[in-house]
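Presented below is the structure to which this report refers.
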């Protein structure tokens, strides 16, 4: 991933430093959400479209703990648990039935099977790599607009754009 340089972020940080901690946290949380909204549709598009349930289960979340604000894309829903297997693949492994049980595959019953593994099909990391610059710009624009409208600060002289 290449470095992303955006002009205007230092000026926004000066405005944030003037706010009470709770307001600053809310502004940062909203800006992180705005940035992740740029990445989420690309991640959904990159997902394997076998059933579409994994892509439908990708959700955006933010949290704030111990003074640290984070935003993430989480895999939820019926197929959410397979997201790491799709992203990173799996090694060859054995699948065994529960005690006194059988596995069924197309009418064939077995006590265990040797799974050959699965190749990785990354969808999250490529989305982040592809959308990093637009995500940072979206986050900065959100922050600039929020500080101007809700907090009443004059941010008109701050330009958000890419450093050349």
*State the label only: which of [x] 52; [y] 34; [z] 29 corresponds to percent of Cα pairs over 24 Å apart computed from the shown model?*
[x]
*Counting each DSSP H run of 4 or more residues in the chain as -39500 (n - 2.57), what helix-only mean residue ellipticity at 222 nm follows after dividing by all residues, to the nearest 500 deg cm²/dmol?*
-14000 deg cm²/dmol
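Hey, what did the chain get for relative contact order, percent, Cα under 8 Å, at least 6 apart?
Once normalised by length, the contact order is 33 percent.
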*Relative contact order (percent, whole number), segment 76-164, Cα cutoff 8 Å, 6+ residue spacing*: 24
*What angle do you read, to the nearest 10 degrees and between 0 and 90, between the alpha-carbon axis of helix 21-46 and the longest principal axis of the chain?*
40
_What do you get for the angle between helix 124-149 and the principal long axis of the chain? Use alpha-carbon atoms, 0 to 90 degrees, nearest ten._
30
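Every number here is computed from the coordinates shown, using simple stated rules; none is lab data. Note that the structure is a prediction, hence the values are computed from the model and not measured.
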